[in-house]
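So the structure is just underneath, and the comments pick up after that.
The values are calculated or read from the model by the stated rules, or taken from the named source; none is laboratory data. Source: prediction; values computed, not measured. Backbone-built Cβ (ideal geometry, glycine too); neighbour counts: all protein chains shown. Side chains are part of the model used for accessible areas, which takes the heavy atoms of the whole protein and leaves out ligands, DNA and RNA. Shrake-Rupley method; radii C 1.70, N 1.55, O 1.52, S 1.80 Å.
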Amino acid sequence: MGSGVLALHEIKDWNLEAIESIAPYLISRPNAQASQSAGRRPARIEHRTLTRALVACEHSEMPPPLTYASYLDLEKLLTLQKPRSSPPEHDETLFIIIHQTYELWFKQLLHEFEKIKRDFSAGDLFGAVHAFKRVRTIMKVLVAQVDILETMTPSSFSSFRDRLETASGFQSVQFREIEFSLGYKRASTVNYLKPDFPGYDRLNQLLHERSVVDHFYDFLETREAQIPAELKNRDVTQPNGPDERVQKEILRLYKDSPECSILFELMTDFDEGLQEWRYRHIKLVERTIGAKKGTGGSPGVPFLKESLFRSIFHDLWAIRHEM
């Protein structure tokens, strides 16, 4: 210290990020430049230079180094599970975590659907294959999560069910966004929500946008399929449906373009996974509350059964008997 020089190994309380954070303030020194030009990190830093660098860092209000916890915002994330029962019922934490996780996966699915739309319209077969492998796998995870939730008995759920008040899974706007993105659209769903309800604007926007199925027509055209003009110019606020002319083109591609059949089967896998999740969800609700109405007066099991086995890619299912 008396020489006015501080060895790096003497900075015992510093980590690598802290040392590197002052590099911009030291790089102008000739010996630092020489060392860097030779491909070496300066071994020693003059004490007065280090002091100036530390003062500069302090006044510049440099942010702390990024960590695992700060990158994932874990401090906030792990405080979002707030049971309403008092004292907290044991299974309420599980119930909250499972549904928060569902919403996170819904967000990722919506993110992937936007990519799939772009891939389809660009005729990017391999991009679409990759994306459908991912969304198919996510659906498997969503189905598996039902197994965890089914470890909660009806009596366990009843112990905190009344604390849910008007809250209901029926209000999951993101799941309605998934349905709209895939082409299962109902204007009545938007009308059910109040304009100030979180997610109303997103759902209303998706109602007026082309669905994944509409973009699939674009992909088929890049493979020289003849798509009827009325399908390309259809009212996109209406749900997609089967079309025999499209089915003929898909059958041709199954025979003439084996690489397309890989995509078609992945799309069918995803569609089947979505139907499987609907079924598992219905049976979960049925075994938990039986014929009761859902929380907040939602329709419960009878309503959920209306969408059971409703396919998204109608044309892919319609041709099975001809393959």
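What the table shows:
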| read-out | value |
| --- | --- |
| S257 - accessible surface, heavy atoms, 1.4 Å probe, Å² rounded to 10 | 20 Å² |
| Whole-Hz ³J(HN,Hα) from phi, Karplus 6.51 cos²θ - 1.76 cosθ + 1.60, for region 181-186, glycine and proline x | 4, 7, x, 8, 10, 9 |
| Computed magnitude of the charge dipole of region 111-228 (debye, nearest 20; Cβ of K, R +1, Cβ of D, E -1) | 140 debye |
| Region 85-137: chymotrypsin sites (Phe, Trp or Tyr not before Pro) in DSSP coil with no more than 10 other Cβ atoms inside 10 Å | none |
| Region 138-153 - phi-based ³J(HN,Hα) in whole Hz, Karplus 6.51/-1.76/1.60, Gly and Pro as x | 4, 4, 4, 5, 4, 5, 5, 5, 4, 4, 5, 5, 6, 6, 8, 7 |
| Residue-by-residue Karplus 3J(HN,Hα) for region 105-113, coefficients 6.51, -1.76, 1.60, Hz, glycine and proline x | 5, 4, 4, 5, 4, 4, 4, 5, 4 |
| Accessible surface, 1.4 Å probe, highest first, among residues L94, L109, L104 | L104, L94, L109 |
| Non-local Lys pairs in region 84-236, i.e. 8 or more apart or on different chains, that have alpha carbons under 29 Å apart | 21 |
